[in-house]
Amino acid sequence: MNPFTRRRFLQATGAAALTAPLANSLLVPTDAHAQAAKVLTIAYNVALPSWDPTTGPSAVNPTIQSFYKAVFDSYIDQEPDLSFKPGLLTKWGWNKDRTKIELEVRKGAFWHDGSAVTPEDVVWSLERAGDPNSGNPIQFVWGKIGNFAIDGQKITADVKEFEPSLFKWMAFLTGYVLPKKAYTEAGAQGWESKPIGSGPYMVDKFERNAFIRLKAFPKYWGPKPAFETVVFKLVGDASARVAEIESGASDLTLEVPYEEFDRLKMKSGLTGVAHPVSDIGMIFITNVEPMLDMNVRLAMIHSIDKKAIVDKLLRGYGTVIDTLEAPQYAAFDPSIKVKYDPELAKQLLAKSGFSSANPVKFTIQTTRGFKPKDYEMIQAVVGMWRKVGIEANIETYEIAKHFELRMRHGLAPAAFYNWGNSIGDPSTSTGFAMFSHSPHSAWKTEDVDKMIGPLWGEKDEKKRIEGYKAADRYIAENGYVIPLLQYSQPVVHKSSIKFTPHVAGFILPQAIKPA
Amino acid sequence: MSINYLLKRLLWALPTLVGVAVVVFVLVRVVPGDPIAMMLPPGATADDVGRLRALYGLDAPIAKQFVVWMGDVLRGNFGTSISLRDGVGSLVLSRLPATLELVLVAVAAACALAAVAAVGAVFFRGRWPELVVDGVTGLVLAIPDFLWGLLFILVLGVLLPWLPISGRIDPTLDFDPATGFYLAETLVRLQWTTFIDLLRHMLLPALALALPLAAALTRVLKGSLIDAMNQDYVTLVRVKGYSKARILWRVALRNALIPTVTLTGVQFSFLIGGTVLIEYLFSYPGIGNLAIAAVNQRDLPLIQGLVLTFAVLFILTNLVVDMAYSILDPKVRQA
């Protein structure tokens, strides 16, 4: 039988006529689709759970502040180097005896629905933040001011309890101004479908756990953003983010593995920036045996070659630190140094009867894959310890377990963790991490409390900073915690755009411009 | 298959669902990780912790928590997601269509590939195309779906950037869906640009899911086809002068489908579970991706809701498979 019949020829031609354009539509370089619209596309690593930047667990998640900063204004804004600049407040400060605060609200700022930003909005936002029933996780700060009074653009309030870092919090977590009328009319649920801010971008479309599309707000009080449309695509997997930037489907991405970062930045058309951020890696020490022995603690610290860890494991992307204050923080003291000295470590251990033949033994807990090379770093540390007479057993757990144990003071004698601090204030690093009454501290002893305790309400700023420096020095001398490094955030972007790194790790689309 | 039989099957499903609910409820509370601890802001006091626990009902004994939760579930209230602060029911319903569409496209692709490969292998039995089919199916079966996903991302997303490798739809498209079934909706509304875009986004994850299934189906179908080709009724139509291709497609395939349908049904349920990794790799916003986020956040209500959803889908799939079986096999229909 002849396989080549007219019927078969017509069938094949028809099929080809149908499938060819379909194949052409389906298989088009993704670049072509991206270039059709002049849009800034960012492959982001975390999803946005809620559009309320002031309540609930998402409000204290540092990794999603980039979204909030694009849509909402903080009371006080921050430069990329963490210094403060006017936001919706043009002036702020204490009165002479620090019993009142004085604020001045910017004129000419508008909400995305076209209405004007008023001092009433600022007062309502602050009162709501300080209300224990609002669900604001930082209510313990906002609740320290009250009895607001408005006079034109000026606001005054009573200080119920002095909080030295109050104005810094106005640039940090939950420090956002929301529109009183729009929020109260919409309610919490309605707000999620139509959030209204006063920031440089408006929410155009939001598909939860998929993408956020923002449009530039034409009546923004600040500089007009360079990109009219911004898309944040949620790409949770690091290798998928690498693929996104490499294929050209996205213009910028972050938190790629350092090995991939080195490879990508060498590619034509791509630029890599790895900049220090306000996030540190540290080992918590819990005040249980054998950590109650100072010789053991100091031996642990002196036997860690932090520089080798940063150079070899993190490919040089990191900054060695010896206190919980990174170089950009207010209480950073470069004179506090803890030297790498394994011989000293051995001598210290010998004083307590330990050696390589009779090592001190304990468990160290760590996450695996939560932070770059977290497990590998602890492996390296354990190897260094083994050489001097410390035998540490590594136990891995998930970050959820870490939080649970930390809350009930149940961490192992040593536990690896990272600590973010976007305002760079020592109260939010040394303070929360080392003060025994904080649910976040692992080392809980009175001697440290006596140093940190008075600083919570210290009105003399210079004295407060010096006090924290003294506390950091004391903590370092006694080995109550092991700071390791300040992280660097790897960002890869197309060379056709200009990206300015932010020490807080924010990716601010309003600050990204064509090159 | 009678209505009574269907009702009986549905009634039997209830104790299964209750069993699943008990197991997942207990398991997520036994596994390490406290969602309240993860939510703790700096400076939180013991009172704050207590208040949060009470807010999410986590301060009551486990048995009481279960009774309260089951009571709510029976009233259609699956609770509120701790991390997303939205109803679990509405969250699952908003994401389920994406997963269902993905799985349906994957199953359709797998069936089409398997039918072509199996029929081709039997048509060219004893010759090199059969060897190629056998070799390829063996290779494909050896590679898990997530590895296919990574390969596709690398080859068709990066090296030859022909297809998008993340998301469900181009975020710059103006598409206002009325339902969560985007593909079906754009087809009905004749929005071809969006339809093509959705297909483009779906192709790689669906293929990653489809290939291992297609390989398994090919093997089973090929075996069934060979058996069917040796039956008396096939000999009869051969004597009547039917061509080999016609015998395969029109006569033998229908009877050979029965074991394949069973396998497809079983695999469909596993495929829904398999979307978890694939959706994460391709950032595809379905319930699989939601499940990963829920587990990472220790979002107990959401985990419970998702597991129940998977259980319901499994039960419904088995029911549909049984119904399809009875359509294909008259003996089952008459039983």
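Every number here is computed from the coordinates shown, using simple stated rules; none is lab data. Remember, predicted model here, so these are calculated numbers, not experimental data. Here the Cβ is made from the backbone with ideal geometry for all residues, glycine too, and neighbour counts use every protein chain on show.
Numbers at a glance
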read-out	value
Overall form of region A:39-85 per C-alpha gyration tensor (a/c, 1.5; a/b vs b/c)	oblate
Unit Cα scatterers, Debye sum, the protein assembly as shown: log10 I(q)/I(0) for q = 0.06, 0.10 Å⁻¹	-0.48, -1.19
Separation of alpha-carbon centers, region B:72-149 and region A:368-446, rounded to whole Å	41 Å
Extreme residue, positive dipole direction of the protein assembly as shown, given options A:Q510, B:L14, A:A149 (C-beta unit charges)	B:L14
Of the DSSP H helices in chain B, those whose Cα atoms cover at least 15 Å axially and whose Kyte score averages 0.5 or more	B:3-30, B:62-74, B:88-123, B:128-142, B:192-229, B:253-281, B:300-328
Semi-axis lengths (Å, descending) of the ellipsoid that matches the C-alpha gyration tensor of region A:157-283	33, 23, 15
Dipole magnitude of the protein assembly as shown, debye to nearest 20 (Cβ charges: Lys/Arg +1, Asp/Glu -1, about Cα centre)	2580 debye
Loop trypsin sites (Lys or Arg not before Pro), region B:69-121 (other Cβ atoms within 10 Å of the site Cβ: 10 or fewer; DSSP)	B:R75
Charge context of A:P290, other residues only, Cβ under 15 angstrom, K/R +1, D/E -1	0
Alpha carbon Rg of region A:224-382, scaled by the compact-globule rule 2.2 N^0.38 Å	1.35
Listed pairs A:K337/A:K387; A:K91/A:K168; A:K351/A:K444; A:K265/A:K498; A:K85/A:K194 exceeding 20 Å between Cα atoms	A:K337/A:K387; A:K351/A:K444; A:K85/A:K194
Chain A: DSSP helices with Cα axial extent of at least 15 Å and average Kyte-Doolittle hydropathy no lower than -0.5	A:6-26, A:119-130, A:374-388
Sequence-separation-based contact order of region A:377-515, relative, with Cα cut under 8 Å and 6+ spacing, percent	14 percent
Gained length - A:E446 relative to A:N95, 0.36 nm times residue gap less alpha-carbon distance	123.0 nm
4 °C / 1.567 mPa s Stokes-Einstein diffusion coefficient of region A:279-371, Kirkwood radius on C-alpha pairs, µm²/s	86 µm²/s
Of A:A238, A:P225, A:S268, farthest towards positive along the dipole that unit charges on Lys, Arg, Asp, Glu beta carbons give region A:205-291	A:P225
Modelled FRET efficiency - R0 35 Å, B:V266 with A:E395, Cβ distances, 0.05 increments	0.35
B:N296-B:T179 pseudo-label distance in nm [points 7 Å out on the Cα-to-Cβ vector]	3.1 nm
Bins of 5 Å, starting at 0 and running to the largest distance - Cα pair percent for region A:218-272	4, 16, 27, 17, 12, 10, 8, 4, 0
Pair-distance profile P(r), taking every C-alpha pair of region A:394-515, with 5 angstrom steps and integer %	2, 9, 16, 17, 15, 13, 10, 8, 6, 3, 1, 0
Over 25 Å [Cα-Cα, region A:69-214], rounded percent	27 percent
From the C-alpha gyration tensor of region B:83-223, square roots of 5λ in Å	33, 16, 16
For the protein assembly as shown, calculated [θ]222 nm from helices alone, where every DSSP H run of n ≥ 4 adds -39500 (n - 2.57)	-15000 deg cm²/dmol
Whole-number percent relative contact order across chain B, with pairs defined as alpha carbons under 8 Å at least 6 apart	27 percent
Under 5 Å, built H, 5+ apart or other chain: amide partners of A:K498	A:K513, A:A515
Diffusion constant of region B:191-253 at 20 °C, which comes from Stokes-Einstein with the Kirkwood Cα-pair radius and 1.002 mPa s, µm²/s	149 µm²/s
Added length on full extension, which subtracts the Cα-Cα distance from 0.36 nm per residue, A:E185 to A:D131	17.6 nm
Paramagnetic reach from B:F124 (point 7 Å along Cα→Cβ, amide N under 16 Å) across region B:243-258	B:245
GNM top mover of B:A115, B:A13, B:A210 - chain B, alpha-carbon springs below 10 Å	B:A13
Cβ-derived FRET efficiency at R0 25 Å, B:L104 paired with B:L6, nearest 0.05	0.70
Coil-residue trypsin sites (Lys or Arg not before Pro) of region A:393-457, DSSP, other Cβ within 10 Å capped at 14	A:R408
Karplus-derived HN-Hα couplings along region A:358-369 (A = 6.51, B = -1.76, C = 1.60, θ = phi - 60°), whole Hz, x at Gly and Pro	9, x, 7, 10, 6, 9, 10, 9, 7, 7, 9, x
Neighbour-limited loop hits for trypsin sites (Lys or Arg not before Pro), region B:227-310 (at most 12 other Cβ within 10 Å; DSSP other than H, G, I, E, B)	B:K240
Cβ-Cβ FRET estimate between B:V136 and A:K307, R0 fixed at 41 Å, reported to 0.05	0.20
Spin-label pair B:T235/A:K107, simplified geometry with 7 Å Cα→Cβ offset, distance in nm	10.2 nm
Relative counts (whole %) of C-alpha pair distances in chain B, using bins that are 20 Å wide	25, 50, 22, 3, 0
Label-to-label distance, nm, for residues given as A:K361 and B:Y242 (7 Å Cα→Cβ offset)	7.5 nm
Prolate/oblate/rounded call for region A:75-161, Cα gyration tensor, a/c under 1.5 rounded	rounded
GNM top mover of B:A118, B:A291, B:A63 - chain B, alpha-carbon springs below 10 Å	B:A63
Region A:88-120 residues near the modelled A:K462 label - backbone nitrogen below 19 Å, point 7 Å along Cα→Cβ	A:94-98
Ranked B:D86, A:D322, A:D151, criterion: other C-beta atoms within 10 Å, fewest first	A:D151, B:D86, A:D322
Region B:164-278: radius of gyration over Cα atoms, expressed as a fraction of 2.2 N^0.38 Å	1.49
Global form of region B:114-178, assessed from the alpha-carbon gyration tensor, a/c cut-off 1.5	prolate
Over region B:51-145, relative contact order from alpha-carbon pairs under 8 Å, at least 6 apart, %	10 percent
Approximate shape of region A:243-325 as ellipsoid semi-axes (Cα gyration tensor, √5λ), whole Å, largest first	37, 13, 10
